[in-house]
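Chemist: Quick one: the structure is below, and I'll ask about it shortly.
Read the figures in this text as sums done on the coordinates, not as results from a lab. All figures in this text were calculated on a predicted structure; none of them were measured in a lab. Cβ: placed from backbone, ideal geometry, glycine included. Neighbour counts: every protein chain shown.
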Amino acid sequence: MYIPRSGNEEQSKYDKIQAMFQAHFGDTVLAPITPDPQKILDCGTGSGVWAVDVARRFPSAQVIGVDKSSVQRKDKPENCEFMVGDINTNLAQFDDDTFDFVHSRILMTGITKEQWPHYMAEIFRILKPGGWAQCTESSLPLWDEGGIPEDSNYVKYRKMMESVIERNQYLISGDDLNQYFVEHGFIDVQVIGNVVDIGNWRHPQDPQLVKGREAAMLVYSEPIADLSMALAEDFPDVEKRKEFGEMVKKEFMTSNYPMYVKLHTVIGRKPFQVPV
């Protein structure tokens, strides 16, 4: 279901995610990590914008960003590096107890629900005792305030995606993150929730929130055409499926419907004494 993009398009998406988080959470590092970490890992780094920012903030740390696609940034500081790899398999290259902080956000379809337990186990393994993990995902599907016409393409799409998610169970929801952390041995687990409007339908005055909401509009509209490819049972004809995805995306971008997304950030610490 996940169709990776590359080049400027993908980098632009992750830069917008960074802007959205900064506007709505006030920071992109929510875990209370040590002020002088030595090694930090960013899983699914995308454009590398988070890794570059964190490398500048923590010059004591070697920051590694891992992604399926090659990352090229001219603004990369010396303590930041990027590796090509699949986080579903390539975390095995790192030794136990290596990182002070492991981060990921909005992996969405880059990792299936079946793969999340292994992913969390690997994060726990490679964290140093006392190290922190921070993961953020959206609750699925999108939410709205109501009043959207039932015959709109958006409503049709939302209902179809709800059915797809229920049938296939291949997407994790942000609501599931807390359980994964607890089950895999993390302690001091905290859930930090936030509601992000998509677009400016509330007409907020705060320029930072306007920036974040506009970013959310772009971020969550981009996958629609790709996600619609999962609707094979509803649209067996490939061309009609693509056409429907484009219609939904256009409506999504121009209608000013009262839509929002629920973001769940979960932080947790690896205990100093890990039960054998």
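Chemist: When a footprinting reagent is the concern and you count Cβ atoms within 10 Å, what order do M20, M247, M161 take, fewest first?
Modeler: Exposure proxy ranking, most exposed first: M247, M161, M20.
Chemist: Fewest first, what order do T265, T45, T112 take by the number of other Cβ atoms within 10 Å?
Modeler: In order of increasing Cβ crowding within 10 Å: T112, T265, T45.
Chemist: Find out how many positive minus negative residues lie around F186, taking Lys and Arg as positive, Asp and Glu as negative, among other residues whose Cβ is under 11 Å from that of F186.
Modeler: Counting the neighbours of F186, the net charge comes to 0.
Chemist: Moving on. Just add up the charged neighbours of F124: K/R +1, D/E -1, any other residue whose Cβ is under 12 Å from the Cβ of F124.
Modeler: Result for the neighbourhood of F124: 0.
Chemist: Could the peptides 236-246, 57-67 be put in order, highest first, of the mean number of other beta-carbon atoms found within 10 Å of their residues?
Modeler: Peptide ranking by packing, descending: 57-67, 236-246.
Chemist: E81 versus V195, label points 7 Å from Cα toward the beta carbon: distance in nm?
Modeler: 4.5
Chemist: For the charge dipole of region 40-103, defined by +1 on Lys and Arg C-beta atoms and -1 on Asp and Glu C-beta atoms about the Cα centroid, which residue among A92, Q62, A51 has the Cα displaced farthest towards the positive pole?
Modeler: A51
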